[in-house]
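Asker: Here it is: the structure, laid out below.
The values are calculated or read from the model by the stated rules, or taken from the named source; none is laboratory data. Since the model is a prediction, treat every value here as computed from it, not as a measurement. Positions of Cβ are backbone-derived with ideal geometry, glycine not excepted, and every protein chain shown enters the neighbour counts.
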2 protein chains.
Amino acid sequence: MITIKELARKLNLSTTTVSNVIHGKTHEVSAATIERVEKALVEYDYVPNINARNLAQNKSKIIGLAMKPRADKSSNIFIDPFISEIVGGIEKTVREAGYFMMIYASDEMNDILKQVSTWNVDGLLLFGLLGEDGAALRRKYKKPVVCIDIYNMVCDPPVYTVGLEDEAGTYEAVKYLTDLGHRKIAFMSDDIIGVDRERFRGYKKALADAGIEYEDRNFLKLNPWKDEVEKSLTSICETVRDFTAVFCTSDLYAVQLIDKLIDCGIRIPEDISVIGFDDNPMSKYHRPGVTTVHQDMEKKGIVAAETLIRLLKGLAVEKSVNQLPTRLVIRDSVKDLRKTQ
Amino acid sequence: MITIKELARKLNLSTTTVSNVIHGKTHEVSAATIERVEKALVEYDYVPNINARNLAQNKSKIIGLAMKPRADKSSNIFIDPFISEIVGGIEKTVREAGYFMMIYASDEMNDILKQVSTWNVDGLLLFGLLGEDGAALRRKYKKPVVCIDIYNMVCDPPVYTVGLEDEAGTYEAVKYLTDLGHRKIAFMSDDIIGVDRERFRGYKKALADAGIEYEDRNFLKLNPWKDEVEKSLTSICETVRDFTAVFCTSDLYAVQLIDKLIDCGIRIPEDISVIGFDDNPMSKYHRPGVTTVHQDMEKKGIVAAETLIRLLKGLAVEKSVNQLPTRLVIRDSVKDLRKTQ
DNA sequence: TTGTACGCGTTATCAA
DNA sequence: TTGATAACGCGTACAA
């Protein structure tokens, strides 16, 4: 752990010169000196002390990633490979850009902001939180912020958002059902907030465009808390025969629903069709394979991190709301009703 | 972003006094002063600057988590919810102990060590790497290190290890097969290094104890690279009828194998039995449900982080190698051969 | 081309 | 009970 000062003394140079060589400001240093310094740098294995550097420059090269903690919802929110995919994408991008990542798992904007200002974080990534606290955020943090899957965060200066074409993706999936002759289509979700609100909108639009009227009983609510899932599914099973198809807001839910229906003696897709969302591996390896709306989670992380880094560098960012496309992946959980007529 | 210095000036006090109040060294401060300072602290919303603090104290309160990066193996290594589970456990424990976590996704011990010394990381968590570089590690890093799922790291001062009873868990699973009358049992894995070596040992032991001789052809090698998986599975299918059961070193592999076998017209478990490892959600929601060896991944993360924090606090740690227990979870992918005889 | 001196925010030592 | 001052390691005006 040698310091610039010690190095300078050993070489009979000033700290300025050593520092200049380290930072490549070589146009003011003689070739001979550069050589000497660089050799010493390697020989003594110099590593800069980030704390000192940050203190001197009043920045940190840290990007904070704040997200909902595990305990908040049922434990199975982390079951989804979602998190690792997205975190992986962010980490990779951040690292390659020469930044560092610090993770805060908290739902409390105040907690997050405290950490963030303690560490003097250069930019902030917000993921999966509810976006009401824009004002509170901006009162204490003026640096760039990029939100992932948060649409209702209004504040000044504005935050940037990376998300999905949730509405269009859902529309496509539900239209696929109506095109195949389905008219009694349920929407299953744990709530209608955040991204689920967008998806719900796409669902209703597809129904409307097919001339189908939406009824309140079409909404199948799944209680996501660990011990409640089973109960919810059981009660859903009782009414599910009223429908020919169910759209689920996640593959995790779709898979659990399918298993439950099979256990109840209902065949998929012969008796009821099911569509999921995410295209996570579970839907692929499940039997029957789950027809679903594909999204690229890793890319979402990458794009969000790239956006933030552009902002940090002062580069222009075209869209303040960037919605990534989705794609319908057809597997074996949907029946073509027209064939049987 | 008010500083101690500014605060002191506003209150007509010295920085020392303010600092003392902040740190609760109140036995040397008058009650009146304490009150004044504490009020100002809240009023001006004082937040300490970690960089300055770390610089002054020569520590960081940072725990580094280094792990294999995504790109290194096939992309589907991250498909496993493994990572988020373990990272979630670590994050939670670290945060509750008042530390911070910094993630490095790198396979290069040198990269890791550079980051670690730059940030003056107080302690290091190593996960899923190959453990040959103990010496290189210790040449540059003397502070506490805890390894997760790394058994072959020998160095001085020693590292601590948190892992699994891989051998015993596998033994139990394979013994379960032999008890049910299986005698031709394959072992499917992508390699026999790291934890898989332990599992392979357990497998062979169970065979031996049942009086079954191990043959080289029992080892079914799956190439984990993205585009090779399919090919591997296809070639495995050609020889798999020689066996009545296959033990897979992960549920991910087990599920893929089962799907492939079904596609080839082989029934599970009627024609061939399959056992996995991990008990990840995929195995639970798959149909047929996959019999598997359960491990608590979150706990692994928690225990590792707790161990490191104990070391940082100078507390005693009983075992330098801590192997968490496993448990066989019986589902529907194994056939009882005795019934048919 | 190289060096001096100061500031970044905090903690720690020692004196008053 | 409080305060002055020096360190921590680095970057950078400004001076030489």
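Asker: Is there any pair linking a residue in the range A:9-27 that is within 14 Å of chain B (Cβ to nearest Cβ) to one that is outside any loop (DSSP other than H, G, I, E, B) and near DNA strand D (Cβ under 8 Å from one of its atoms), with Cβ under 8 Å and at least six apart or on different chains, and which?
Answerer: A:ILE22/A:ILE4
Asker: Where residues in the range A:101-115 are touching a residue at least 40 places away in the same chain (Cβ under 8 Å) and within 9 Å of chain B (Cβ to nearest Cβ), which of them is nearest to A:VAL303 (Cα to Cα)?
Answerer: A:MET102
Asker: In the range B:234-254, which residue that is crowded, with 22+ Cβ neighbours inside 10 Å and modelled with pLDDT of 95 or more is farthest from B:SER333 (Cα to Cα)?
Answerer: B:THR249
Asker: If you don't mind, there's one more thing I want to ask. Hey, among the residues in the range A:286-341 that are at pLDDT below 95 and hydroxyl-bearing (Ser, Thr, Tyr), which one's farthest from A:ILE90 (Cα to Cα)?
Answerer: A:THR340
Asker: Shifting gears a bit: Mind checking which pairs have a first residue in the range A:42-60 that is within 14 Å of B:GLN115 (Cβ to Cβ) and a second that is at pLDDT 90 or above and within 7 Å of DNA strand D (Cβ to nearest atom), Cβ under 8 Å, 6 or more apart or different chains?
Answerer: Cβ pairs passing all conditions: A:PRO48/A:ILE22; A:ASN49/A:THR3; A:ASN49/B:LEU55; A:ASN51/B:ALA52; A:ASN51/B:LEU55.
Asker: Just to be sure, is B:PRO224 closer than 30 Å to B:VAL145 by Cα, part of a loop (DSSP other than H, G, I, E, B) and not small (Gly, Ala, Ser)?
Answerer: On the way: closer than 30 Å to B:VAL145 by Cα: yes; part of a loop (DSSP other than H, G, I, E, B): yes; not small (Gly, Ala, Ser): yes.
Yes.
Asker: Any idea how many residues of the range A:299-341 are at positive phi and surrounded by 14 or more Cβ atoms within 10 Å (Cβ to Cβ)?
Answerer: Within the range A:299-341, the subset at positive phi is A:314.
Of the ones still in play, those that are also surrounded by 14 or more Cβ atoms within 10 Å (Cβ to Cβ) are none.
Within the range A:299-341, residues that are at positive phi and surrounded by 14 or more Cβ atoms within 10 Å (Cβ to Cβ) number 0.
Asker: Looking at this structure, is A:ASN58 crowded, with 20+ Cβ neighbours inside 10 Å, within 30 Å of A:THR307 (Cα to Cα), within 16 Å of DNA strand C (Cβ to nearest atom) and at pLDDT 85 or above? Walk me through it before giving the result.
Answerer: On the way: crowded, with 20+ Cβ neighbours inside 10 Å: no; within 30 Å of A:THR307 (Cα to Cα): yes; within 16 Å of DNA strand C (Cβ to nearest atom): yes; at pLDDT 85 or above: yes.
No; evaluated as a whole, the condition is false for this residue.
This table checks each residue for (1) aliphatic (A, V, I, L, M); (2) on the phi < 0 side of the Ramachandran plot.
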residue: B:ASP209; (1), (2): no, yes
residue: B:GLU215; (1), (2): no, yes
residue: B:PRO224; (1), (2): no, yes
residue: B:LYS231; (1), (2): no, yes
residue: B:THR249; (1), (2): no, yes
residue: B:TYR253; (1), (2): no, yes
residue: B:LEU261; (1), (2): yes, yes
residue: B:GLY265; (1), (2): no, no
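Asker: Here's something else I'd like to know. Pick out the one residue from B:VAL121, B:VAL37 that is crowded, with 19+ Cβ neighbours inside 10 Å, away from every other protein chain (no Cβ under 13 Å) and either modelled with pLDDT of 90 or more or away from DNA strand C (no atom under 15 Å from the Cβ) (or both). Show your work before the answer.
Answerer: Working: B:VAL121 fails: away from every other protein chain (no Cβ under 13 Å).
Answer to the selection: B:VAL37.
Asker: Could I ask something else about it? Identify, please: which residue in the range A:155-167 is touching a residue at least 24 places away in the same chain (Cβ under 8 Å) and not in a strand (DSSP E or B) and is, among those, farthest from the chain's Cα centre (by Cα)?
Answerer: Start the filter on the range A:155-167 by keeping residues that are touching a residue at least 24 places away in the same chain (Cβ under 8 Å), which leaves A:158-167.
Imposing the further condition that a residue be not in a strand (DSSP E or B) reduces the set to A:158-159, A:165-167.
On the way: A:PRO158: 19, A:VAL159: 15, A:GLU165: 13, A:ASP166: 13, A:GLU167: 17 Å.
Here the answer is A:PRO158.
Asker: Only residues that are among the aliphatic types (A, V, I, L, M) and surrounded by 14 or more Cβ atoms within 10 Å (Cβ to Cβ): list them for the range A:10-34, please.
Answerer: Selection gives A:LEU11, A:LEU13, A:VAL18, A:VAL21, A:ILE22, A:VAL29, A:ILE34.
Asker: Looking at (1) under 30 Å from A:THR93 (Cβ atoms); (2) within 13 Å of DNA strand C (Cβ to nearest atom), which is the only condition B:MET67 fails?
Answerer: (2)
Asker: So which pairs qualify, if the first residue must be in the range A:256-281 and under 24 Å from A:ILE86 (Cβ atoms) and modelled with pLDDT of 95 or more, the second must be assigned to a helix (DSSP H, G or I) and of a type in the set (Ser, Thr, Tyr), the Cβ gap must be under 8 Å, and the two must be at least 6 apart or on different chains?
Answerer: Pairs that qualify, where the first residue is under 24 Å from A:ILE86 (Cβ atoms) and modelled with pLDDT of 95 or more and the partner is assigned to a helix (DSSP H, G or I) and of a type in the set (Ser, Thr, Tyr), are A:ILE275/A:TYR176; A:GLY276/A:TYR253; A:GLY276/A:SER283; A:PHE277/A:THR170.
Asker: Further question: Return yes or no: is B:ASP80 at pLDDT below 85 and over 14 Å from the mean Cα position of the chain (by Cα)? Don't jump to the end; show me each part of the working.
Answerer: On the way: at pLDDT below 85: yes; over 14 Å from the mean Cα position of the chain (by Cα): no.
No, not satisfied.
Asker: Taking the range A:168-184, which residues are outside any helix (DSSP H, G or I) and basic (Lys, Arg)? I'd like the intermediate steps shown before the answer.
Answerer: Of the range A:168-184, the ones outside any helix (DSSP H, G or I) are A:180-184.
Answer for the range A:168-184, where residues must be outside any helix (DSSP H, G or I) and basic (Lys, Arg): A:ARG183, A:LYS184.
Asker: Among the residues of the range B:134-154, which ones are out of contact with any Leu (no Cβ under 9 Å at 6 or more places or on another chain) and in contact (Cβ under 8 Å) with a residue 40 or more places away in the chain?
Answerer: B:TYR151
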